[in-house]
Each structure stands twice: as C-alpha cells, then as structure tokens.
1. Just give me the residues in segment 5-27 being touching a residue at least 60 places away in the same chain (Cβ under 8 Å) and either closer than 19 Å to THR91 by Cα or among the hydrophobic types (A, V, I, L, M, F, W, C) (or both), in sequence order.
2. Of everything in segment 37-50, what is in contact with a strand residue (DSSP E or B) (Cβ under 9 Å, 6 or more places away or on another chain) and within 21 Å of ILE117 (Cβ to Cβ)? Give them in sequence order.
3. Restrict the check to segment 182-190 and report whether at least one residue is on the phi < 0 side of the Ramachandran plot and out of contact with any strand residue (DSSP E or B) (no Cβ under 9 Å at 6 or more places or on another chain).
4. Select from segment 2-25 the residues that are assigned to a loop (DSSP other than H, G, I, E, B) and surrounded by fewer than 22 Cβ atoms within 10 Å (Cβ to Cβ) and list them in ascending order.
5. Checking the condition at pLDDT 95 or above and in contact with a Lys or Arg (Cβ under 9 Å, 6 or more places away or on another chain), which residue from THR10, THR17, THR43 passes?
6. Can you tell me which of (1) crowded, with 16+ Cβ neighbours inside 10 Å; (2) modelled with pLDDT of 90 or more is the one GLN228 doesn't meet?
7. Would you be able to tell me the number of residues in segment 199-216 that are closer than 10 Å to ILE232 by Cβ and of a type in the set (Lys, Arg)?
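The values are calculated or read from the model by the stated rules, or taken from the named source; none is laboratory data. Keep in mind that this is a model prediction, so the values were computed, not measured. We place every Cβ from the backbone using ideal geometry, glycine too, and count neighbours over all the protein chains shown.
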Amino acid sequence: MTDFETTNYTVTNRVATIKLNRPKAMNAFNEKLRMDLTAAIETAETDGDVRVIILTGEGRGFSAGADLMDGLGGHDDIESHILKEYKPFLTTIDQSPKLYISAVNGACAGIGIALAITCDFTVMADDAYFYLAFAPIGLIPDGGASYHLVNAMGYKKAMQLFVEAGRLEPQECLEYGLANKVVPANELLNQTQGWAEKLAQGAPLAQKFGKQVLRSAARSSLTDMIDQEAKIQVITSTSEDHINATMAFFKKEKPVSIGK
C-alpha cells in the first residue's frame, strides 16, 4: 500500500483503489487532499499494470465537497483555485485511457459529486446520496458538475436540483444514468472490486478508444462521430487483439488481450 497523507492507495489484480482519507472532515477537499489525489491518480496512470481505478472515501462519506475552512489555498481567486487544483485530476480521469469507477459511500456533496460522476462508472451504496450543496452558500455547481448533470437529467431537472439544493437518492441516480449499480453498503467495496477485476480482463485498446468516442459523442455531431469512429476503427481492426479475438471466436476459445 502506498500512503499519502490524505489518500490511501492500493493495487490488487490490476485494479488500483484510491481512498480519500480525511474521514473526520467527511473527506472535504483541502489543499493537501487535492495534491495527494492528483499524485495518487498520476501513480495509477503511470503504472502499466493498472487497468482500472476505483475512487472511494474512508469513513462515513465519499466527500463533503470543498473544505470551506481551507479558503483559496493561496490563490488570488476561485477561478485560479479551480483551474489549477481541481481541473487537473478531473480532466485526467476524463481523458485517461484507463477506466475509473467511483464507489460512493454515504454523503457525496458539492464538488465531490463532480469527482464521482466524472468517473466512467459509479457504484452507490444503498445508503449513499448526492447533495447539490451550492445554492445555500451562494455558489454555482463547479468542477464540471453542471455539464454532467444537464447531460444526464436535462436542463429543467438539473436546474431544479440546483436551485432547491436537492438530494438524489441511489435509485434516482440509477434512473437518470448517474449511477450504474446500487449495492448494500456493507458490500460496496467488495462488489466494486469484483466488477473492476472483470473489466480489467477486457481488451485494453477497445476500452481506451471506446471511452474516447463515447465521451466525445455528447459534444459532437452525428457526422463528426461517424468520421471519428471510422478513423479509430482502422487502429482497432488491425490490432493484434482484434486478430487474436477473431481467431479465438472461431475456435470457441476465450480471447487473451495484450493491448496491441
């Protein structure tokens, strides 16, 4: 296990688990947690043996969002604060060739929601919830939360959730496509780990480029996506993984993917 001051990092069967570790503060983001999370994600990104990364929180909740006691962390304004300390790890998750799963335990609020729903997949404990805690303190959603919520819920529902400082229960998150699975709280990490290990056995190139095109789809036109898919399919269709998988299909064998 690799321990940073405010995150715990472990790797098992090609799956890295990063736990936000400020449980007394409900894993609220202070400057140190932002730095440690960025470093832990970089560790997973540069480890060639890691295929899937799980993000979760120690203690009673995933994250309470930004630590209001922390201020701006030495930045002149909140714009600089967000762009230099939150955007790097959020965009790394978005653009990574690896798969990220958020395992949401307990309360997930503020920019903690942005972290959770930026991941490729979300598994929620049955006692977890999303709380959009911005409006009561005179702020707007940040960290890309508005982008993800509007794409999932539509403008009217997302706007209502924001202005009413609403709370989304696990079943609602499933219905809106903000979560993939809801599991018993005491099974959250075990079930997420099992799913992550299955995903880690998949074809790396297909997962990498599939993530790329599917994330692009919400921002692109149909004609642009057809062009992008066709271009990338040249790479996947001529890969060793595709050739080996095709041979395995005809032989009725399980394919072995090597990421080439």
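1. Within segment 5-27, the subset touching a residue at least 60 places away in the same chain (Cβ under 8 Å) is 12-15, 17, 26-27.
Correct list: VAL15, THR17, MET26.
2. Filtering segment 37-50 down to residues in contact with a strand residue (DSSP E or B) (Cβ under 9 Å, 6 or more places away or on another chain) leaves 37, 39-41, 43-45, 47, 49-50.
Those that are in contact with a strand residue (DSSP E or B) (Cβ under 9 Å, 6 or more places away or on another chain) and within 21 Å of ILE117 (Cβ to Cβ): LEU37, ALA40, ILE41, ALA44, GLU45.
3. Looking for residues that are on the phi < 0 side of the Ramachandran plot and out of contact with any strand residue (DSSP E or B) (no Cβ under 9 Å at 6 or more places or on another chain), one finds none in segment 182-190, hence no.
4. PHE4, GLU5, ASN13, ARG14, ASN21 - these are the residues of segment 2-25 that are assigned to a loop (DSSP other than H, G, I, E, B) and surrounded by fewer than 22 Cβ atoms within 10 Å (Cβ to Cβ).
5. When all the criteria are applied, what remains is THR10.
6. Tallying (1) crowded, with 16+ Cβ neighbours inside 10 Å; (2) modelled with pLDDT of 90 or more, GLN228 fails exactly one: (2).
7. Residues meeting the conditions: 1.
Here is a yes/no grid of residues against (1) touching a Leu at 6+ places or on another chain (Cβ under 8 Å); (2) in a helix (DSSP H, G or I); (3) in contact (Cβ under 8 Å) with a residue 40 or more places away in the chain:
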{"site": "LEU161", "(1), (2), (3)": "yes, yes, no"}
{"site": "ALA165", "(1), (2), (3)": "yes, no, no"}
{"site": "ASN190", "(1), (2), (3)": "no, yes, no"}
{"site": "TRP195", "(1), (2), (3)": "no, yes, yes"}
